[in-house]
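Reading through the structure tokens given below for one structure.
The values are calculated or read from the model by the stated rules, or taken from the named source; none is laboratory data. Given the structure is predicted, the values throughout are model-derived calculations rather than measurements. Here the Cβ is made from the backbone with ideal geometry for all residues, glycine too, and neighbour counts use every protein chain on show. In case anyone asks, the SASA skips ligands and DNA or RNA and just uses the protein heavy atoms, side chains included. Shrake-Rupley method; radii C 1.70, N 1.55, O 1.52, S 1.80 Å.
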Amino acid sequence: MNIDGSTALVTGANRGLGRHLATHLLGRGATVYAGARNPDALEVPGAKAIALDITDPASVARAAEVAGDVTLLINNAGLSTFTDLLGDMDNIRLEMDTHFFGTLSVTRAFVPVIAANGGGSILNMLSVVSWYSNPASAAYCAAKSAEWSMTNALRLQLVEKNIRVVGLHVGLVDTDLIA
């Protein structure tokens, strides 16, 4: 995909990897919507701040209405509760609501947008723990595994709409999530 001239939405762009991605997309000539639950916390000069809580269907729908010119979606928003699978069930649900259902919700909202704009790409930020499990943060591992499976299914499903879907599996990245 040619980044120059594309229009991207980066979820979780208020810090860490999301801010880094949004900044570099701008530097490569993209128009960038920087999504965050609190758009006032965004520090991405040149980006269009957009309120977006990926776990809130109304917020996702509003974002799709506002950012109707998107051709590149980067599903980056995430969190980790560092919960094992016998730990707090609310934390486990939060992991799945964020990484699986939240990512799926944003993708479902933006597939018609990207298709209407002639196609494009979706990048899901994954993790090496999509492939193995660490018991101390097993909720995160399970949620990322589910997101990886979703990425593979969407890749096959969206090819006919001229939408490429890829996952980027990263190891530890020096961000607030790991600190």
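Surface composition of the range 24-71: carbon plus sulfur atoms contribute 49% of the solvent-accessible area (1.4 Å probe, protein chains only, all chains present).
As a ratio to 2.2 N^0.38 Å, the alpha-carbon radius of gyration computed for the range 35-75 takes the value 1.12.
Considering only VAL111, VAL159, VAL44, the mean-square fluctuation computed in a Gaussian network model of the chain, springs between alpha carbons under 10 angstrom, is largest for VAL159.
Across the range 148-153, coupling constants 3J(HN,Hα) worked out from phi with the 6.51/-1.76/1.60 Karplus curve, θ = phi - 60°, read 5, 4, 4, 4, 5, 5 Hz, and Gly and Pro carry x.
Whole-Hz Karplus values for the range 74-84 come out as 10, 7, 10, 3, x, 7, 9, 9, 6, 10, 7 Hz, taken residue by residue from phi with 6.51 cos²θ - 1.76 cosθ + 1.60 and θ = phi - 60°; glycine and proline positions read x. Projected label points at ALA61 and ASN152, each 7 Å from Cα along the beta carbon direction, are separated by 3.3 nanometres.
Measure out, as a whole number of angstrom, how far apart the alpha-carbon centroids of the range 109-143 and the range 58-76 sit. Each part reduced to its Cα centre gives a spacing of 15 Å.
Go ahead and estimate [θ] at 222 nm for the chain from helices alone: -39,500 (n - 2.57) per DSSP H run with n ≥ 4, summed, over the residue count, rounded to 500. That comes out to -11500 deg cm²/dmol.
Going from most exposed to least, what order do ARG62, ARG108 have by accessible area with a 1.4 Å probe? Could you put the intermediate results ahead of the total?
On the way: ARG62 130, ARG108 175 Å².
Correct descending sequence by accessible area is ARG108, ARG62.
Couplings for the range 106-123, taken from phi via the Karplus curve 6.51 cos²θ - 1.76 cosθ + 1.60 with θ = phi - 60°, read 5, 4, 4, 6, 9, 4, x, 5, 5, 4, 5, 8, x, x, x, 9, 10, 10 Hz in order; Gly and Pro are left as x. With distances taken between every two different alpha-carbon atoms, the range 67-179 has a Kirkwood hydrodynamic radius of 14.5 Å.
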